[in-house]
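Following: one structure in structure tokens, then a few remarks.
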Amino acid sequence: MVSEKMQDALNGQMNAELYSAYLYLAMAAYYEDSDLPGFANWMRVQAQEEMTHAMKFYDYLVQRGARVALDTIEKPPFDWESPLDVSERVLEHEKKVTGLINNLVNLAMDEKDHATNNFLQWYVAEQVEEEESVGAVLQKVRLAGNSSSGLLMVDAELANRVFNPPAAQK
């Protein structure tokens, strides 16, 4: 059983993960409107990952006998200046999520909730991977600069990304 404070924090993170999915779908729509289907695919896969992250929190709360409390999902922005701007915002958002996960780990440690701390370590590793992956895309977009052909090359590469759900934990 998790404490009420931990339960509230985990529910808050579940909501943050749902917001991330919503944000990334808005970004996918921006890319669709910009005729960059590869970038749109990249963001749709990101959105699927975030939904999976949210469901892992949901399942953990249920497993621990805690109350799942869904909250309102804030409306995300839907317009950006450029693909570079979107890519920069994705990295900024992932860094924010990393901070949220780190705060949860700190709370779990303060609460001496070893099971939740163990559960959260997957997210700690996942955020390292997320920031690295998004950083690599951002670097490619920066290298492409104002070159349409360079941007189309990155778009073609991102079109190949597929969603790979994480292995089940039990």
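All of (1) part of a helix (DSSP H, G or I); (2) under 18 Å from the mean Cα position of the chain (by Cα); (3) among the hydrophobic types (A, V, I, L, M, F, W, C) hold for Phe78 with one exception: (1). Just one of Val97, Val141 is touching a Ser or Thr at 6+ places or on another chain (Cβ under 6 Å), surrounded by 17 or more Cβ atoms within 10 Å (Cβ to Cβ) and either in a helix (DSSP H, G or I) or at positive phi (or both); which is it? After applying the criteria, what remains is Val141. Is there a residue in segment 13-33 that is over 26 Å from Ser148 (Cα atoms), surrounded by fewer than 19 Cβ atoms within 10 Å (Cβ to Cβ) and at pLDDT 95 or above? Within segment 13-33, one or more residues are over 26 Å from Ser148 (Cα atoms), surrounded by fewer than 19 Cβ atoms within 10 Å (Cβ to Cβ) and at pLDDT 95 or above. The residues in segment 107-116 that are surrounded by 13 or more Cβ atoms within 10 Å (Cβ to Cβ) and part of a helix (DSSP H, G or I) can be counted, and the count is 5.
Taking segment 34-73 as the range and being aliphatic (A, V, I, L, M), under 18 Å from the mean Cα position of the chain (by Cα) and either surrounded by fewer than 22 Cβ atoms within 10 Å (Cβ to Cβ) or not in a helix (DSSP H, G or I) (or both) as the test, the residues that pass are Val45, Ala47, Met51, Ala54, Met55, Leu70, Ile73.
The values are calculated or read from the model by the stated rules, or taken from the named source; none is laboratory data. Just so it is clear, the model here is predicted, and its values are computed rather than measured. Virtual Cβ from ideal backbone geometry, glycine too; neighbours counted across all protein chains shown.
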